[in-house]
Amino acid sequence: MSEQISPEAATDAQPLESRGDNRSQRPSSAAFKAFITSGWAERAAAATGPGAAAPFTAQRRARLSAAFPDARLVVPAGGFKVRSNDTDFRFRPHSAFAHLTGLGTEQEPDAVLVLHPADDGSADEGSAHRAVLYMRPLAGRDTEEFYSDSRYGEFWVGARPTLEDLAALTGITTAHLDTLRDDLAKDVGADGVRLLVVPGADDSVEAVVEEIRATEDAGQDDARLAEALSELRLVKDAHEVEQMRVAVDSTIAGFAKIVRDLPVAVEHPRGERVIEGTFGAHARLEGNTVGYETIAAAGEHATTLHWTQNDGAVRPGDLVLVDAGVEADSLYTADVTRTLPVDGTFTDVQRRVYTAVLDAADAAFAVAVPGARFRDVHAAAMEVIAARLAEWGLLPGTAEESLDPEGQWHRRWMVHGTSHHLGLDVHDCAQARREMYLDALLEPGMVFTIEPGLYFKSDDLAVPEEYRGIGVRIEDDVLVTADGNENLSAALPRRPDDVERWMATILQD
Ligand code: GLY
Ligand code: MN
Ligand code: MN
């Protein structure tokens, strides 16, 4: 029997970074390399033509171009993010990159979209810039990457696109990532081209940009770019609205599956995980994944706004608050909440709280029309919430006093806002200026949530015992139209009687 080598006798000369290879037993012989890189059939071309998003992304790039006519704009997709040690999270491109290229799902790690200012006649149609998509194309079968690179190699992650594939799909000129640095540096200087990069998307691309421009105040210009990219998404185009419908419709189907599985959830000590699992499986089957971590919060857990631990029991007689959204393959996500009676019937006090929240939501819908300001939506919901809380004797003054900026007692039971823009990010357009977001007039094409709630913690001595441990949120996704709005998630029942009927129908099947 051979002996185990002692830790003292093991060599320590190897740098830490390369020690992950210590478990590798891959052959390195010339015979192996020659054999594994030969004898493969010709690859078939992947993409056949431009994706449905291509005409829309060209318009989005043209709008961005008009805001920065003389700057070179760098929009990275980002790279892999480590989950632990040498395993990564599933790749998702930065939303600004997805918006301007139309690429979704897992395309394309390390790619970088660059808008080059072009006054030499080479600009794209309708734009002052020429767009180039730099990428790391699929390596040939005659390379080591093909079989040995676990992040990019075809043997490990499948055949990624070629330059031709991505050009055909996006309608954007493609170039090898190896040419990025030189192309970024061209004519950059005091009297030359300004170079701007989306901050926070890709550290290595940012470092290259920093090195090239080496100016002190460039960071501020990067912030302008991030802001413009966010504001570009405040009003959705027709393709985006269509994708929002895909995401919302799929989310509604996922909620029906949750109700179907409620009896299973009740039986399991971690019933909240049953709900999370049901919705997560649905999102992976029907779309890309969930747009954010599902909140499955039964009983008192519903009073924790971001309860994503989801390890609690689901008990008959309680409510369960489920906040979940399918992210479509295009990466647009829904964001929907329903608060359901676990056994299919609201108690009187649950119904009272639920109805107050529903009335607040209805009031918000009534003002979410062109010409109103975004902030008016929240104000309308708060009027109802304050009035109900006053009616129930929970406020230390009148509803009017509470609504005054110096009062605000009602916010003890709803500390979050009523609405946020929705799209590629669940909290979309987050870098937009206040004047363009909260203070802005609503316009057709805007998509946002309406999601009032009331949350009474079980140890809240400011409310009578019957309210304690009840948390309710109702969240819908609204599209502003020319003459009002459309509740995109209206097909998911939200009135208490409708919820009970809908649940009964599913549970009887
Ligand atoms: N699901 C997160 C939110 O509602 O904003
Ligand atoms: Mn939301
Ligand atoms: Mn939500």
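Here the gap between Ser458 and Ala67, fully extended at 0.36 nm per residue and compared with their Cα-Cα distance, gives a gain of 135.6 nm.
Under 5 Å from the amide H of Leu232 lies no amide H of any residue 5 or more positions distant or on a separate chain, with H modelled from the backbone and absent for Pro and chain starts. In the chain, the calculated helix contribution to ellipticity at 222 nm averages -10500 deg cm²/dmol per residue, counting -39,500 (n - 2.57) for every DSSP H run with n ≥ 4.
For Val326, the amide hydrogen comes within under 5 Å of the amide hydrogens of Thr251, Gly291, Ala334, counting only partners 5 or more places away or on other chains and with H modelled in the peptide plane.
For the chain, the Kirkwood estimate of the hydrodynamic radius, built from every pair of different alpha carbons, is 25.8 Å.
Shape of segment 1-129 from its Cα gyration tensor (a ≥ b ≥ c, root eigenvalues): rounded if a/c is under 1.5, otherwise prolate when a/b > b/c, or oblate? It comes out prolate by the Cα gyration axes. With a Förster radius of 56 Å applied to the C-beta separation of Arg83 and Asp497, the computed FRET efficiency comes to 0.80.
The gain in end-to-end length when the Arg43 to Ala238 segment is fully stretched comes to 66.7 nm, 0.36 nm per residue minus the alpha carbon separation. Full extension of the segment from Ser6 to Glu211, taken as 0.36 nm per residue of separation minus the current Cα-Cα distance, would add 69.1 nm.
Take the Cβ atoms of Gln14 and Arg284, set R0 to 35 Å, and the FRET efficiency comes out at 0.35. Using R0 = 45 Å, the C-beta based FRET efficiency linking Glu106 and Arg375 works out to 0.75.
Take the convex hull of the alpha carbons in segment 204-243; its mean projected area over all directions comes to 3.9 nm². Near Arg373, the amide H atoms lying under 5 Å from its own belong to Leu442; only residues 5 or more places off or on other chains count, and H is placed 1.01 Å from N.
Of the whole protein surface, Lys257 contributes about 60 Å² of accessible area at a 1.4 Å probe radius.
Distance between the 7 Å Cα→Cβ label points at Ser150 and Arg315: 4.5 nm. Element breakdown for segment 295-366 at a 1.4 angstrom probe: carbon and sulfur atoms account for 48% of the accessible area. Within the same chain, aspartates and glutamates fewer than 8 places from Lys33 are excluded, and of the rest, those with a Cα less than 14 Å from its Cα are Asp142, Glu144, Glu145, Asp149. Relative to the longest principal axis of the Cα atoms of the chain, the long axis of helix 54-67 makes an angle of roughly 90 degrees. Take Trp40: with every protein chain present and a 1.4 Å probe, its accessible area is about 120 Å². In order along segment 417-424, phi translates into HN-Hα couplings of x, 8, 8, 8, 5, 9, x, 5 Hz, rounded to whole numbers, per the Karplus curve 6.51 cos²θ - 1.76 cosθ + 1.60 with θ = phi - 60° and x for Gly and Pro.
Between segment 46-103 and segment 358-428, the C-alpha centres lie 36 angstrom from each other. The label point for Asp142 and the one for Asp404, both projected 7 Å from the Cα toward the Cβ, are 8.2 nm apart. How tilted is helix 374-391 with respect to the longest principal axis of the chain? Cα atoms for both, answer in degrees (0 to 90, nearest 10). Between the helix axis and the principal axis of the chain, the angle is about 30 degrees.
Sequentially through segment 487-501, phi angles give Karplus couplings (6.51, -1.76, 1.60; θ = phi - 60°) of 7, 5, 9, 5, 5, 8, x, 10, 7, x, 5, 5, 4, 5, 5 Hz, Gly and Pro residues having no value and appearing as x. Quick one: in segment 432-509, what % of C-alpha pairs are over 21 Å apart? Result: 54 percent of Cα pairs exceed 21 Å. For segment 265-319, applying the loop criterion from DSSP together with a ceiling of 10 other beta carbons within 10 Å to the trypsin sites (Lys or Arg not before Pro) yields no site. Under 17 Å from the Cα of Lys457, which aspartates and glutamates turn up, not counting those fewer than eight places away in the same chain? Partners found: Glu300, Asp318, Glu465, Glu466.
The long axis of helix 238-260 is offset from the longest Cα principal axis of the chain by roughly 60 degrees.
The residues of the chain expose on average 47 square angstrom of accessible surface per residue, using a 1.4 Å probe on protein heavy atoms. For segment 75-136, calculate the relative contact order in percent as a whole number, restricting contacts to Cα pairs under 8 Å that are 6 or more residues apart. Across segment 75-136, relative contact order equals 30 percent. Applying the Karplus relation 6.51 cos²θ - 1.76 cosθ + 1.60 with θ = phi - 60° to segment 339-350 yields 3J(HN,Hα) values of 10, 10, x, 4, 8, x, 9, 6, 6, 4, 6, 4 Hz, where x marks Gly and Pro.
When a 1.4 Å probe is rolled over the protein heavy atoms, the share of accessible surface on segment 374-509 that falls to carbon and sulfur comes to 49 percent. Residues Lys457, Lys236, Lys186, ordered by accessible area of protein heavy atoms at a 1.4 angstrom probe radius and largest first, appear as Lys186, Lys457, Lys236. Taking label points 7 Å from Cα along the Cα-to-Cβ direction, Asp182 and Thr505 give a separation of 6.4 nm. Rounded to the nearest 20, the Cβ-based charge dipole of the chain about its Cα centre (Lys and Arg +1, Asp and Glu -1) stands at 800 debye. The apolar share of the surface of segment 1-71, taken as the fraction of accessible area on carbon and sulfur atoms (1.4 Å probe, ligands and nucleic acids excluded), comes to 57 percent. For the charge dipole of the chain, defined by +1 on Lys and Arg C-beta atoms and -1 on Asp and Glu C-beta atoms about the Cα centroid, which residue among Ile172, Thr308, Tyr134 has the Cα displaced farthest towards the positive pole? Highest projection toward the positive end goes to Thr308.
The values are calculated or read from the model by the stated rules, or taken from the named source; none is laboratory data. The shown structure was predicted, so the numbers you read here are calculated from the model rather than taken from an experiment. Virtual Cβ from ideal backbone geometry, glycine too; neighbours counted across all protein chains shown. Protein only, heavy atoms only, side chains kept; ligands, DNA and RNA dropped before computing areas. Shrake-Rupley method; radii C 1.70, N 1.55, O 1.52, S 1.80 Å.
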